[in-house]
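The structure appears right after this line, and notes come after that.
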Amino acid sequence: MMPAPESYVTDGHSTQEPRQPVVVLRDLEKRFGDFTAVNKVTLEVRKGEIFGFLGPNGAGKSTTIRMLCGILQPTGGMGSVAGFDITRQPEEIKKNIGYMSQRFSLYEDLTVEENIDFYSGIYQIPADKRAERKEWVLRMAGLEERRLSRTATLSGGWKQRLALGCAVLHAPPIIFLDEPTSGVDPLSRRNFWDLIYHLAEGGVTVFLTTHYMDEAEYCDRLGLIYRGELIAQGTPDELKTRYMAEDVMEIACAKPQEALRLITALPGIGYASLFGSKLHVVAEKGERTPEEFRQVLEREGIPTESVERVLPSLEDVFVSLIEARDRQEGAQREFAR
Amino acid sequence: MMDRLKAMLVKEFIQAFRDPRMRFILLVIPIMQTIIFGYAVNTDVTDVATAVYDLDNSRESRDLIDRFARSEYFSEYEYVQREERVRELLDRGDVRAVIRLERGFGAAIRSGRPAAVQLLLDGTDSNTAGIVAGYAATIVSRYNIDVSTQRLAHRGIVPGPAGVRLETRAWFNENLESRNYYVPAVIANIVMVITMLLSSMAVVREKEIGTMEQMIVTPIGKWEFILGKTVPFVLIGFINVALVTAAAVFWFKVPLRGSLFLLFFGTALFLLSSLGFGLFISTVSHTQQQAMMSAFFFLFPAMLLSGFAFPIANMPEPVQWLTYLNPLRYYLVIIREIFLKGVGIEILWPQMAGLAILGACIFFFAVSRFRKTLS
Ligand SMILES: Nc1ncnc2c1ncn2[C@@H]1O[C@H](COP(=O)(O)OP(=O)(O)OP(=O)(O)O)[C@@H](O)[C@H]1O
Ligand SMILES: [Mg+2]
């Protein structure tokens, strides 16, 4: 990891102080016609925090970020970024943020360097700092050798890095990254995260969306959004311990394929899957004890090495929360009829 | 402010000149248009293909036919022998006029009785037919004068002053060459089509390819963005004016009698309107295709109602009033008068004022509609 230029680390000390919220949403709402894409979302992100926004496709993640960045006007509620109101002071906000959109949005017909120069000008980086910032971005993104390439000729991963580079070029205190690592190979993703950590250590607040569960684990705090509503938020550990309505067990046994079939067929099993050579089973709370599983399997002649209750994975939590939400809504619809 | 505008301009120019399609639009199209209007579009009526159907075949009839043939307006195509052939030639469009002389033409002239010559015209192109009829009338009246003079001379009378003789001199375009009229006007056409079409794509293109989203989250100001998007087209407009003017003057020998500076000044005023319209279209469109359609939707009536090809004075009165809203109308007058009449601002100021007011309204309206969000 290479060091950031000084401008980035100036308020590193502030991590010691109690952190004030820098992104605040209160009942934020966005409707498109009579479709509600973001429904009364309330949350806070503190300075220097890495906040992960998770949710299935179409949940409203991008829409939320776009409202915070002043690209879309909210239709209800309020929000503030860096202390500025998103409806009334969007231009003030824009001086304090970097944004990387989900869809690549730099100029494909310009070269790497020309894109960087363009944004240097737009962000009014002082002339004496420009060269230094440019080199920093090129190095950070590993694009030094490709500085003269047309952006259109770069592969997906390189484009993402350049986009991130241009988003942090002006050293903004808050950055919004909408699926920054989609289409990036695992190694580059690791580098990407090193950089994000590095920025956060320097006091930069990171608000990002992702579909990758391993990335969610790297976040300080997470928010889960589903059909426009924020249905859970907290640190990854909080989510795993507080929100999981089911028990999660891990079973090590012989003939895992056969065991999987047996267990899936049992009543009260939410979900079971093979996880390496082990079975990962989500069962209704208190419905089945580890001992019962052992008995069921051994009755069928499958030797069982171990059955233990484990901490759910984030994926378990999300699937569980979403299913619970679907059941609840289904019930409400029934009731309404 | 300057940093951002400069960054915008650098980027816009790189993009404009890197794109081969753009280079084509910028350089090839103006040259092509000039050549088309310089060579192909020719509304001068000369050498009209004419068939002769002489049933008389006397000295007198041959004399009259000869006068037609010697004028530069008519050229003999064929001596027709049969009635059906006349129809055939006109039907096929081989000739546009037929001169027909009845039997007894010469005898009538000799005995001083009225004689008739028939001129059959292809009236499909009513404009040309009218002009041809005018030429024929001149030739025939000349012939009449000569015949009566001769007759009087025969009786020993020297004719006195022969009444009124019309002497026509065309000012500003002495030889009435349509090229002189159309080639300068090509400037107006090209400047309008190119600047409006390109500027109508400018903003919507960024919306369509997604780069607008990134622009919106930068602190760039509305005016910096708009100027960045329009100033390059002002320059492109000027380059077009220079190109077409050079071609007109050096290649087609169209006279440029007025001030080149005034021509550019008028262009700048006109660009306010055309870029204003372009910007407006770009702001309200969602796709480039939509923008292009809207631009053409405006361009065609603007051209038809500008006086470029069809004189405004011949239009119905309500339509004439409508043309006052058409910036091209003013610009065409400015261009043609600077080229052919060489007049200055003392004559052209009403046109310039019209353009300035119209342009300012359109441009500021477009700017007021521009929003730095995607909603
Ligand atoms: N401009 C728009 N007009 C109408 N509907 C829209 C508009 N933008 C987004 N939507 C709808 O709002 C919902 C939320 O979209 P959004 O892009 O925020 O989802 P997302 O969570 O980012 O999904 P993904 O993971 O696929 O990126 C979707 O159903 C989408 O169709
Ligand atoms: Mg999205």
(request) Would you kindly identify the strands (runs of 3 or more DSSP E) lying entirely within region A:159-241 that contain at least 1 residues that are outside the structural domain of A:V310 (by TED's automatic domain parsing) and open to solvent by 10 Å² or more (accessible area, probe 1.4 Å)? (result) A:221-226, A:229-234
(request) Tally the residues that are surrounded by fewer than 21 Cβ atoms within 10 Å (Cβ to Cβ) and in a strand (DSSP E or B), restricting the search to region B:70-84. (result) 5
(request) Hey, could you check region A:126-146 for residues that are within 30 Å of the chain's Cα centre (by Cα) and exposed (fewer than 15 other Cβ atoms within 10 Å of the Cβ) and say which is nearest to A:P186 (Cα to Cα)? (result) A:R139
(request) Could you please let me know if A:R288 is under 30 Å from A:G228 (Cβ atoms) and modelled with pLDDT under 80? (result) no
(request) State whether the residues of region A:247-254 include one that is in contact with a strand residue (DSSP E or B) (Cβ under 8 Å, 6 or more places away or on another chain), open to solvent by less than 10 Å² (accessible area, probe 1.4 Å) and part of a helix (DSSP H, G or I). (result) no
(request) Could you give me the residue pairs with C-beta distances under 8 Å whose first residue belongs to region A:132-145 and is not assigned by TED's automatic domain parsing to the domain that holds A:D185, whose second residue is in a helix (DSSP H, G or I) and not aliphatic (A, V, I, L, M) wherever it lies, and which are 6+ apart or on separate chains? (result) none
(request) Output the number of residues of region A:116-146 satisfying the condition of being closer than 21 Å to B:E12 by Cβ and more than 9 Å from every other protein chain (Cβ to nearest Cβ). (result) 3
(request) Please give the helices (runs of 4 or more DSSP H) falling wholly within region B:1-65 in which 3 or more residues are touching a residue at least 24 places away in the same chain (Cβ under 8 Å) and within 14 Å of chain A (Cβ to nearest Cβ). (result) B:2-18
(request) Go through the residues of region A:83-91 one by one and say whether even a single one is more than 29 Å from A:D237 (Cα to Cα), more than 14 Å from ligand 1 (Cβ to nearest atom) and among the β-branched types (V, I, T). (result) yes
(message) Looking at B:R87, B:R67 in this structure, which one is open to solvent by 70 Å² or more (accessible area, probe 1.4 Å) and out of contact with any Leu (no Cβ under 7 Å at 6 or more places or on another chain)?
(response) B:R87
(request) Could you list, in sequence order, all residues of region A:91-115 that are more than 30 Å from A:L54 (Cα to Cα), facing chain B (nearest Cβ under 7 Å) and outside any loop (DSSP other than H, G, I, E, B)? (result) A:E114
(request) For A:K40, indicate whether it is within 11 Å of chain B (Cβ to nearest Cβ) and of a type in the set (D, E, K, R). (result) no
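For (1) among the small types (G, A, S); (2) modelled with pLDDT under 90; (3) more than 20 Å from B:I338 (Cα to Cα); (4) not assigned by TED's automatic domain parsing to the domain that holds B:P350, each residue gets a yes or a no:
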site: B:K253; (1), (2), (3), (4): no, yes, no, no
site: B:L262; (1), (2), (3), (4): no, no, no, no
site: B:F265; (1), (2), (3), (4): no, no, no, no
site: B:G278; (1), (2), (3), (4): yes, no, yes, no
site: B:T287; (1), (2), (3), (4): no, no, yes, no
(request) Working carefully through the options B:L263, B:L269, find the one that is more than 18 Å from B:Q33 (Cβ to Cβ) and of a type in the set (A, V, I, L, M). (result) B:L269
(request) Name the single residue, out of those in region A:58-90 being small (G, A, S), more than 12 Å from chain B (Cβ to nearest Cβ) and in contact with a strand residue (DSSP E or B) (Cβ under 6 Å, 6 or more places away or on another chain), that is surrounded by the fewest Cβ atoms within 10 Å (Cβ to Cβ). (result) A:G76
(request) Could you list all residues from region B:153-181 that are open to solvent by 60 Å² or more (accessible area, probe 1.4 Å) and either modelled with pLDDT of 85 or more or part of a helix (DSSP H, G or I) (or both)? (result) B:A153, B:H154, B:R179, B:Y181
(request) With respect to B:F339, determine if the residue is more than 27 Å from B:K222 (Cα to Cα) and either away from ligand 2 (no atom under 16 Å from the Cβ) or charged (D, E, K, R) (or both). (result) yes
(request) Quick one: which residue in A:E291, A:E323 is surrounded by fewer than 12 Cβ atoms within 10 Å (Cβ to Cβ) and outside any strand (DSSP E or B)? (result) A:E291
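A quick yes/no check of all residues on (1) away from ligand 1 (no atom under 14 Å from the Cβ); (2) within 14 Å of another protein chain (Cβ to nearest Cβ); (3) over 30 Å from B:T211 (Cβ atoms):
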{"site": "A:V168", "(1), (2), (3)": "yes, yes, no"}
{"site": "A:E179", "(1), (2), (3)": "no, yes, no"}
{"site": "A:C253", "(1), (2), (3)": "yes, no, yes"}
{"site": "A:Q257", "(1), (2), (3)": "yes, no, yes"}
(message) Take B:A108 and tell me if it is assigned to a helix (DSSP H, G or I), open to solvent by less than 40 Å² (accessible area, probe 1.4 Å) and over 21 Å from B:D47 (Cβ atoms).
(response) yes
(request) Hey, can you tell me all the residues within region B:199-239 that are in a helix (DSSP H, G or I), facing chain A (nearest Cβ under 8 Å) and β-branched (V, I, T)? (result) B:I209, B:T211, B:I216
(request) Taking only region A:35-61 into account, find how many residues are more than 20 Å from A:P172 (Cα to Cα) and either modelled with pLDDT of 95 or more or not hydrophobic (A, V, I, L, M, F, W, C) (or both). (result) 10
(request) Being under 18 Å from the mean Cα position of the chain (by Cα) and open to solvent by 20 Å² or more (accessible area, probe 1.4 Å) narrows it down to one of B:L299, B:L263, B:L304, B:L272, so name that one. (result) B:L304
(message) Scan region A:63-78 and tell me whether some residue there is within 12 Å of ligand 1 (Cβ to nearest atom), in contact with a Ser or Thr (Cβ under 9 Å, 6 or more places away or on another chain), among the charged types (D, E, K, R) and within 20 Å of B:M215 (Cβ to Cβ).
(response) yes
(request) Please find, within region A:31-57, the residue that is farthest from ligand 1 (Cβ to nearest atom) out of those that are more than 20 Å from the chain's Cα centre (by Cα) and open to solvent by 60 Å² or more (accessible area, probe 1.4 Å). (result) A:D34
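The values are calculated or read from the model by the stated rules, or taken from the named source; none is laboratory data. Everything quoted here is computed from the prediction, not taken from an experiment. No Cβ is skipped: glycine too gets one built from the backbone with ideal geometry, and neighbour counts run over all protein chains shown. Note: areas computed on protein heavy atoms with side chains; ligands, DNA, RNA excluded. Shrake-Rupley method; radii C 1.70, N 1.55, O 1.52, S 1.80 Å.
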